[in-house]
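Read the structure below first, then the notes.
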Amino acid sequence: MSIILIPIFIFLFLRLFVAGYNFFSRPNLQISEHECRDRISILIPVRNEEQNISALLFSILKQSYQNYEVIILDDSSTDQTLQLANDFAKSNPNFRVVSGKQLEEGWTGKNFACWQLAREASGKYLLFLDADVTLAPELLNSALCHLKRNDLSLLSLFSNQTMNTLGENSVIPLMNYLLLTLLPIRLILSHSNPIFAAACGQFMLFAADNYQQHQWHSKVKQEVTEDLKIMKLIKVANYKGEGLLANGLISCRMYNNYTDAVNGFSKNFIAPFNDSIPLFILFLVSLLLGPVFIIATSDAYLISLLFFIIVLTRSMTSSLSGQNVWLNAFLHPLQMLSLLHIGCLAIQRTSTKTRKWKGRMLS
């Protein structure tokens, strides 16, 4: 048993160290006092987003930064999304709506929509937003100034997550918990190796000349995690990309209940492991069974050390993410069960090629 415990504690302390590095290095987007002036094309692909689209569009109107155009591409919505977008655009001249083409073979719906949007854009910078986010008034100016100051080809931000139900709180915090314990965020920019890559498709800000030269979405046509893949491609091409926490400047309610959250997470959970199911299984076993082995020893000291590491790690990652520290610590066992559920679904759906999203099969 003692031999097994050594790698378990190494893994626990390694993730604690990464969480500590992120906590003390504070990889947050800062509000900029400087005023930028370049034109931004805000590009929003939408498909059945009637519950979200209006809140996003009104939050764009409230931006302190006003040199922008907004292009909304409707991807064959069957609800009131198109009507809501058209009504909004009629009274706001900076906004316009286009209808997406029929999905071509070899593309995912979102990547095809983003590629079409880029062809419509006229701005010096291209900002791709998911329809379920809302923006704080300082967001556009702060993000653009940061991108320009650091000469980035891509800036991606990890949103603050809004969670209103137990089901959401059982799943959504896993995203940042895993991110902030596995990846030192500052290394995305400072280290050239693409292994240090992460991005969030909810907010992707590109320098337009770089994007139009490389047509990044066309290079990841079939990828479900296009955000991560594009960041890796940018680093491989020796351009500068950075991922940061949004620091409260973007909020997102990704899902409304447990079932939707599990289905959403399972579609792309294996991608960060190079789509390797064996590697993903090894990670799940290490993460979930390690604590079980420690508890099975009945050693009070080891169990106390385990709980100390978990609570300290959750405290740092939750604080960085703008989430309730004590709630995440209390719900940690439930979240680990949710992770097991998501992992099993991800393995089953990936291996049988039955992943589906918004009515479309994913390759």
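Derivation of every value follows stated rules applied to the coordinates shown; laboratory data play no part. All values reported here derive from a predicted model rather than from experimental measurement. Neighbour counts run over all protein chains shown; Cβ positions are idealised from the backbone, glycine included.
Taking a spot 7 Å from the Cα of residue 78 along the direction of its beta carbon, which residues of the stretch 21-63 have an amide N less than 15 Å from it? Flagged as within label range: 47-50.
Ordering 311, 70 from the fewest to the most neighbouring beta carbons within 10 Å gives 311, 70.
Residues 32, 318, 304, ranked from the fewest to the most other C-beta atoms within 10 Å, line up as 304, 32, 318. Each part reduced to its alpha carbon centroid, the stretch 252-312 and the stretch 127-182 end up 22 Å apart. For the cross-link pairs 232/267; 90/124; 90/232; 240/353, the ones whose C-alpha atoms lie over 31 Å apart are 90/232; 240/353. In the stretch 40-259, a dipole from Cβ-located charges (positive for Lys and Arg, negative for Asp and Glu) runs towards its positive end, and of 199, 95, 112 it is 199 whose Cα lies farthest in that direction. Among 121-133, 283-295, the peptide with the highest mean count of other Cβ atoms within 10 Å heads the list, and the full ranking is 121-133, 283-295.
If you plug the beta carbon distance of residue 51 and residue 302 into 1/(1 + (r/R0)^6) with R0 = 45 Å, you get a FRET efficiency near 0.45. Computed over the stretch 44-107, the range of Cα coordinates on each principal axis works out to 40, 22, 17 Å, biggest value leading.
Within the stretch 53-110, which GluC sites (Glu not before Pro) sit in a loop by DSSP and count at most 16 neighbouring Cβ atoms inside 10 Å?
Details: sites: 69, 104, 105; in loops: 104, 105.
Those that pass, being in a loop and sparsely packed, are 104, 105.
Note on the chain: with charges restricted to the Cβ of Lys and Arg (+1) and Asp and Glu (-1), its dipole about the Cα centre is near 520 debye.
Compared with the alpha-carbon gap, the fully stretched path from residue 98 to residue 337 is longer by 81.8 nm at 0.36 nm per residue.
Translational D (Stokes-Einstein, µm²/s) of the chain at 4 °C and 1.567 mPa s when Rh comes from the Kirkwood sum over C-alpha pairs? Don't skip to the end; give the middle numbers.
Numbers: Rh = 21.3 Å.
Value of D from the Cα-based Kirkwood radius: 61 µm²/s.
Candidates 264, 231, 307 compared by Cα position along the dipole of the chain: farthest toward the positive end lies 231, with charges placed on Cβ.
Starting from the Cα gyration tensor of the stretch 185-292, take the square roots of the eigenvalues, sort them a ≥ b ≥ c, and report rounded, prolate or oblate (rounded when a/c is under 1.5, otherwise prolate if a/b is larger than b/c, else oblate).
Numbers: a/c = 1.73, a/b = 1.43, b/c = 1.21.
Cα axes put the stretch 185-292 in the prolate bin.
Return one quarter of the surface area of the convex hull spanned by the alpha-carbon atoms of the stretch 102-242, equal to its mean projected area, in nm². With every direction weighted equally, the projected area is 9.6 nm². With helices as the sole contributors, the chain gives -15500 deg cm²/dmol at 222 nm; each DSSP H run of n ≥ 4 counts as -39500 (n - 2.57), and the sum is divided by every residue.
Residue order for 146, 341, fewest other beta carbons within 10 angstrom first, comes to 341, 146.
So in the chain, what percent of DSSP beta bridges are antiparallel if you round to the nearest 5?
Values: 13 of 37 bridges.
Counting only bridges with both partners in the chain, antiparallel ones make up about 35 percent.
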